[in-house]
Amino acid sequence: MATSTGKPSVLFVCSSNSGKSPMAAGLMEKLAGGTVEVHSCGTKPGAAVNPESAAALLEKGIDISADTPTAVTEEAQRAADVVVILGTNARLDEVPGTRYERWDIDEPSLRDIHGMERMRLVRDEIDARVHRLYGELTTE
């Protein structure tokens with residue numbers, strides 16, 4: 001199913017909309033080059049994008065530092081072809097008729113990996129999943 005623009009649409013959701021979901025959105029926007037509508041939201045939005053998340057994406061030429069976390073809405077979920085929930089903290093009441101995926105992203109800090117090394121590992125896992133989803137969205 002495509003949106004009124006004829007493009008597939010994806011909504012990335014995490015709890016704070018300050019780390020994983022804006023990273024996923026930024027990676028998808030770069031990969032899709034305008035062929036996919038991309039949005040991100042949070043179930044409990046934070047005040048700003050995580051600086052380490054922004055720095056990890058900037059290493060790939062993607063700047064999300066000025067993004068502002070926003071709250072997920074039922075309308076945003078209905079408008080998306082796919083809603084991707086990143087991590088285990090975000091909880092959503094699913095909207096009937098909307099496709100959902102949950103991406104349980106590895107948490108390197110549980111293995112005592114922190115700082116930019118942690119963020120790069122998270123970024124790279126999300127990037128691999130974004131590539132898979134992009135392939136699905138553009139071949140359906």
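Sorted by accessible area (1.4 Å probe), largest first, how do R78, R118, R129 line up?
On the way: R78 130, R118 50, R129 70 Å².
Correct descending sequence by accessible area is R78, R129, R118.
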Requested in this report: Rounding to the nearest 20 debye, state how big the charge dipole of the range 10-140 is about its Cα centre with +1 on each Lys and Arg Cβ and -1 on each Asp and Glu Cβ.
Outcome: 140
Query raised in the report: Mind checking which lysines have their C-alpha under 17 Å from K60, skipping anything on the same chain fewer than 8 residues away?
Result: K20, K30
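Please compute the per residue accessible area over the range 80-140 with all protein chains in place, 1.4 Å probe, rounded to a whole number of Å².
Values: 3360 Å² over 61 residues.
Counting only protein heavy atoms, the per-residue value for the range 80-140 is 55 Å².
Given Cα pairs under 8 Å that are at least 6 residues apart, what percent is the relative contact order of the chain?
Working: 261 pairs, mean separation 38.8, N = 140.
Answer for the chain is 28 percent.
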Report task. Report, to the nearest whole %, how much of the accessible area of the range 12-140 belongs to carbon and sulfur atoms, 1.4 Å probe, protein only. Result -> 49
Requested in this report: Can you send over the solvent-accessible area of L110, 1.4 Å probe, protein chains only, in Å² to the nearest 10?
Outcome: 150
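The values are calculated or read from the model by the stated rules, or taken from the named source; none is laboratory data. What you see is a predicted model, and the numbers here were worked out from it, not measured in a lab. Please note: Cβ atoms are built from the backbone with ideal geometry, for glycine as well, and neighbour counts cover all protein chains shown. We work out accessible area using only protein heavy atoms, side chains counted, and drop any ligands, DNA or RNA first. Shrake-Rupley method; radii C 1.70, N 1.55, O 1.52, S 1.80 Å.
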